[in-house]
1. Tally Lys and Arg at +1 and Asp and Glu at -1 over the other residues with C-beta under 9 Å from the C-beta of A:ASN472: what net charge comes out?
2. Alpha carbon centre of segment B:387-441 versus segment B:211-227: separation in Å?
3. Considering Cα pairs under 8 angstrom that are at least six residues apart, work out the relative contact order of segment B:309-462 and quote it in whole percent.
4. Rounded to whole Hz and in sequence order, give me ³J(HN,Hα) for segment A:11-19 from the Karplus expression 6.51 cos²θ - 1.76 cosθ + 1.60, θ = phi - 60°, writing x for Gly and Pro.
5. Which value in nm describes the separation of the simple spin-label points at A:ALA175 and A:ASP611, placed 7 Å from the Cα toward the beta carbon?
6. How far apart, in nanometres, would the label points at A:ALA278 and B:THR212 be if each is projected 7 angstrom from Cα along the Cα-to-Cβ direction?
7. In percent, how large is the relative contact order of chain A, given Cα pairs closer than 8 Å and 6 or more residues apart?
8. Only sites in a loop by DSSP and with at most 16 other Cβ atoms within 10 Å count here; which trypsin sites (Lys or Arg not before Pro) in segment B:513-617 make the cut?
Amino acid sequence: MSEFKLTTVEENEAATERLLETGAKVGADAWQFRVKNQTPHCKFGEQGICCRICSMGPCRITPKAPRGICGCDAHGIAGRNFLRFTAGGSATHSDHGREICHTLHTVSPDGNYKVKDPEKLIRIAKEWGVETEGKDVYALAHEMSELALLEYGKPFGVQRFLKRAPKHTQELWAAAGIEPRAIDREVSTAMHMTHMGCSSKPEALVKQALRCGLSDGWGGSMCGTEFSDVMFGTPKPIETEANLGVMVEENVNIIVHGHDPSLSEMICEYADDPEMIAYAKEMGAKGITVSGVCCTSNEVAMRRGIPMAGNFLQQENVVLTGACEAIVVDVQCIFPALGPLSKCFHTKFITTSEIAQMPDSDFVKFSAETAGENAKSIVKLACENFKNRKPELVHIPNLKKKATVGYSLEAIKKTLDTVTNSHVDETGTLMPLVDCLKSGVLRGAVAMVGCNNPRVRPDTAHIELMKKLIANDVILVLSGCSAQAAAKAGLMDKEAKNLCGAGLKRVCELADIPPVLHMGSCVDISRMMVLSSDLANDYGCNISQLPLVGCAPEWMSEKAVSIGNYVISTGIDTYLGVEPQISGSSQMEELLYDKVSDWVEASYTVEKDIDKLGDLMIERIEEKRTALGI
Amino acid sequence: MLISRIFNGNDAVYGLTEGAINDAIAQNGAECPVSFPNTAYCLPCYYAVTGVKVKTLGELKEALGVVKTLMTRNHELDDALMSGVATALCAEFIEVLKYLNGAAPYEEPCYGHLADAIIRELGVPLVTGDIPGVAVILGSAPTAQEGVDLIKSYQAQGILVTLVGGIIDQCAELNYNTGYGVRVVPLGKDVTSVIHVVSVAIRAALIFGNVTPGDAGALLAYTAQRVPAFVNAFKPIDDVILAAGAGAIKLGFPVISNETENIAEVPGALIQQLDVSKFNQTSLDARNIKIKITHIDIPVAFASAFEGEIIRRSEMQVEFDGSRVDCFELVQSKDVSEIEDHKIELIGPDVDTFEEGSKHSIAYVVEVGGKNMQSDFEPVFERKFHSYLNCIEGVMHTGQRDMIRVRISKTAFEAGFRAKDIGEVLYAKIKNDFEAVVDKCQVKIYTEPAECTRLRHELAIPMFEKRDDRLSNLTDESVDVYYSCILCQAFSPSHVCVVTPERLGLCGAVSWLDAKATNELDPAGPCQVITKEKPIDTELGAYEDVNEAVKKFSQGALEKVTLYSIMQDPMTSCGCFECICGIEPFSNGVIIANREYAGMTPLGMTFPELASMTGGGVQTPGFMGHGKHFISSKKFMKAEGGIERIVWMPKELKESVAERLNATAKELYGIDNFTDMIGDESIAEDPETLVAFLTEKGHPALGLEPMM
């Protein structure tokens, strides 16, 4: 009936092989080789039982040496490592959010950054109890920016956004003593608790890991998401394309990579500038193509329809095409390998943030105040670099898929409004989704997030799980590199409805959506937290009762652990395809995989067999349905 | 929970069906034939879903085995909906058993099974939006008044309403008029009788959509996308109704209910509406039905649902009768400066001065003007008057030109309906339907007998004669272009009509002038210009330009058509044709059957059976759908020798075309009273008797070359 086909992992791998051949010609290194060099990994590290916190050590736990020099056992060491891992992730996301709040402070009607969604700004201000009546939008933005920045260091009280959670969830947090206070404080407390001679009790360390995670998801990340929307516009459904084939051979190709949209938004703005396009033509190109890698890509795809060249483990591939004039990066998940790799080609590797400075890169310091000039100079540099291409090295794999992206919570509600009956239903709610779940048209929902990790054949876990879930009438919301894996495969093409069970297919047709919804970058998992809160409220149950689970099958970063912690803390069972580095402690395993649910009604499940992981999720969803009597 | 209830309902109906079939076999034997009357599709739902024609009780039992395979029990949507389909098929089996041994199980006011002919008739109004939707009302409304109000609300929108169960008694309780003529069709009182409307939707897919029986996917896509039906089910909704509802949902028909117990909503498909007075809006919203609103300021309702309303002498307040006194209706184009827009003038006495039950003269002249108005459009507008006036609740109109009859009912009169209101309706409709060419419009209504007589002779008759001259000069050769008509594609996606002056659209509703006006009114619309500059064979009526157009407008489904042959690349049909002709091999001729004809033809097939040979945009050499007027055309199967091939027609049809057909025969072959040589059902219903009759009459077809 339909000619619609997914791009297979094999096709992607063949394309990568072809690019690595180019790499071999120019003597380039690649992660595939480095993985071999690093294998086998250090077992003590993998199990989380190597302690490097003081210079008496490092200490490693073995049956013969069950305690470190200070007397800390495996449980304390693994717990401390886990908390530090979380703190790293929480700090990273939250600092990204802080940058956004600072950028918000610079908005002005004729400045580099403006308020594109004043309604959302006013909505958040009202939520925070800020007077909006008769106030100039820009004055309000500045006021909100200061208030948001105070969330990072306020001496008293807890995060303002916690009130968005259902009452029951808030009560659980209070009872467990994990309501996050100032965002920075939770990171500092984590660092303090894990200092030599502080906490070694797994319960305490795990609780702080949850709290530190919550300060990210319901604090820093949420600020990042919400105020990005205020400045750059709240995403709405938009068509784009994904995979390396989006790069255009005859154009100047600029790749944006990283996480913070402040830079990429500006680059896109100037790449569209007629003056710059004319300049590109002067340099012998036909135009300028900006495409993205990683979460910066998600940000600009959601708001501008900028195509997605690939996800985390494809970052070297964009350079290997030989057609990348500049890879412009901001923060997080950027391989230092890009420096030496870019030297093998004509590619300019441009770092822009003091947070992420790397050897072999051109550093163009980017700041909110001078963003326009910075972006323009970068685009110019890329154009000028076009003539340095080595044509014999140019090869762009002819792989790309259509994708509809941009499903912010607001957009999801608006989409659901289209299926309501104007003579019966209220609009602006998630009730149609609730109805679908109750009636069994949809069995449940899975929030699939996270990175790529060479421990898993790249994208396979994401794609195989998605295929399995949608065939079983489970709808997915995605973010981060998981979302890009789906887009590359074609799962965000509306035609992917043909791979769904009858119920989900019906929903896709009715609402005109793809079966997997792109909700944004990794900070945007905060959107999923509000989604699940509103869903629970509209259903009239607790979040933990909803037939909804989280999943990170290919996670790798500290941020992912921080995310996982706030997702389970919000009451959503989370399924992992890669093991957290705690297996050296039975107590830590017991806590994370079981006991933590006494506090937050959800826990982690780890299963490296991807097919089984899918079964476990479906099983859990059905358990929850039975418990709800639906 | 919802899914389990559907399974339970399905199991219950299946059990009943199994018992009923076993009992029937025990009593009548497995060889006993089963069928619904007046359909070529056996058990239409089962046939459409599986491609298998069930003809005996034994086969019915086998079919039940197939139904059982649809009843899978995974708790997923598809299983639930397929169980809904299984429930519907069981309902069809139970219903067909009621017709066993030629029984007539339904009596007034219930209809039960609906004939194929009705569906063919529904094609055009469904595509034009005159019937914007089909409502299925099931169960008893909270009060009879609320039920009737709901029906009335749909009627006022032109929606075809079918009734199942308690609502039928509620109508009777309030003496509410029902029947196909007013588009309120009580099906039956058992819930299983709902299958008779499902059967209509499903046969529409076979007739218009060229869906291959057995291609369930295409069938469901057709009903979901092209049949604008929906269900209103009153509480209590038991498991059986819920299971039947699942079947409706599978076909794409949303179910709106006031039930709140033990039920879950499904967005867009199963919708709770507690307020019955909002069922109408909720349903239209759910099925995305847009009502074309022409607000007309008259004291009675105006809707296509009243088009078939009959006003009997006893119900009539006054009558204007063109067969007794001078009456006429006319559209006249004038310069815009001579027209005052929306001026409605009554010249003569009004209705309230007439005695109850009396006959009078009337003439109404609609004067129109506009930059793009052409006098060729006058008759096009004028032909619409029949439909416009009939859509008035309590007004009946028949005939055209100076042979009209208009009746106004007592109820309409009592509601305040007066002569001027006729003007309001004509004004509003002409302005609304032809806004692209009519800038200004005024209406003059004459009831003064002397004035009617004078104007009839001085104004109307000369104008009609002028038009007739123009029409008789309009031949396929005399015009430069033909028109395509794809009005039906909403329903029959690969059919294209080529409309020429001597060959009107097969539905009988679109003449070359109509097509021309439609093109003028909406240049990007359903009627497009087809040039005729590249003839291949003018005898056959084959043109490269025509082929290119047909290919383009059928999205490549059709490669070529001829205008004048029924054997070589004959023109396709959508399914809503007025007549079908088919070759009669023994006489070298063709027989023609019209939609209204319910009897047998000498081909051994009824109209529904003949009609099922073609339609849906497919070419079936030897069979062709066409309009009634085409029968007397000089171009009627000209390639095969023309009208002298016609050997048989139902009597009624023969009489209605006799005058024009005889004139053509005289002109072409010098034959007088040609229709006397043509057989009909009173002469022959089998080929042997027919050939004997033709031989006796010396019918020219016998001497012609065989067609195949």
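1. 0
2. Distance between centres, Cα-based: 39 Å.
3. RCO, segment B:309-462: 40 percent.
4. Karplus-based 3J(HN,Hα) across segment A:11-19 equals 5, 5, 5, 5, 5, 5, 3, 4, 5 Hz.
5. Using points 7 Å along Cα→Cβ, the separation is 4.1 nm.
6. 6.0
7. Dividing the mean separation by the residue count of chain A yields 17 percent.
8. On the way: sites: B:LYS516, B:LYS532, B:LYS551, B:LYS552, B:LYS560, B:ARG595; in loops: B:LYS532, B:LYS560, B:ARG595.
Answer by residue number: B:LYS560.
Values in this text are rule-based calculations from the coordinates and carry no lab data. As the structure is a computational prediction, the values presented were derived from the model and not from experiment. Cβ: placed from backbone, ideal geometry, glycine included. Neighbour counts: every protein chain shown.
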